[in-house]
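Below: one structure, written as structure tokens.
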Amino acid sequence: MAATLTLTTALAACASPVPQATGPVMAAPLRVTNNGVPFSMDQGARAKRVAMDTCAAAGRVLRPSIYDRFDGGEWVFVEGCA
């Protein structure tokens with residue numbers, strides 16, 4: 001059940017592409033929406049789960065930051081995936 005929920009969550013959201021890199025590089029911001037529909041400001045926890053699933057799908061992990069923010073329907077995770 002948990003695997004199905006994770007897969008469903010990953011497929012139910014849209015995110016900007018995660019840059020692929022090998023070795024240490026500066027991370028690019030990750031912007032996520034709710035399957036193309038804007039998130040609302042109070043959906044930060046949901047947006048974080050979407051971002052974590054997006055990074056995991058690329059074999060990476062989300063790098064949360066105190067500077068993550070809501071911006072016009074998208075949640076922006078400024079340090080992206082590592």
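The values are calculated or read from the model by the stated rules, or taken from the named source; none is laboratory data. Since this is a predicted model, take the numbers as computed values, not measurements. FYI the Cβ positions are ideal-geometry reconstructions off the backbone, even for glycines, and counts take in every protein chain you see. All accessible areas refer to the heavy atoms of the entire protein, side chains included, with ligands and DNA or RNA removed. Shrake-Rupley method; radii C 1.70, N 1.55, O 1.52, S 1.80 Å.
For every other residue with a beta carbon closer than 11 angstrom to the beta carbon of Arg31, add +1 if it is Lys or Arg and -1 if Asp or Glu, then tell me the sum. Can you show the working numbers first?
Values: positive: Arg69; negative: Asp68, Asp71, Glu74.
Residues close to Arg31 contribute a combined charge of -2.
Just the number please: accessible area per residue for segment 31-77, 1.4 Å probe, all protein chains included, in Å².
Working: 2690 Å² over 47 residues.
So segment 31-77 comes to 57 Å² accessible per residue, rounded to a whole number.
A cut-off under 14 angstrom between Cβ atoms defines the neighbours of Ile66, and their net charge, with Lys, Arg +1 and Asp, Glu -1, is +1.
Roughly speaking, what is the stretch gain from Gln43 to Ile66, that is 0.36 nm per residue apart minus the C-alpha to C-alpha distance, in nm to one decimal? Don't jump to the answer; show the numbers that get you there.
Numbers: separation 23, 0.36 × 23 = 8.28 nm, distance 1.63 nm.
Net length gain for the segment: 6.6 nm.
Full extension from Asn35 to Ala58: what is 0.36 nm times the residue separation minus their Cα-Cα distance, to one decimal in nm?
On the way: separation 23, 0.36 × 23 = 8.28 nm, distance 1.76 nm.
Result: 6.5 nm gained on full extension.
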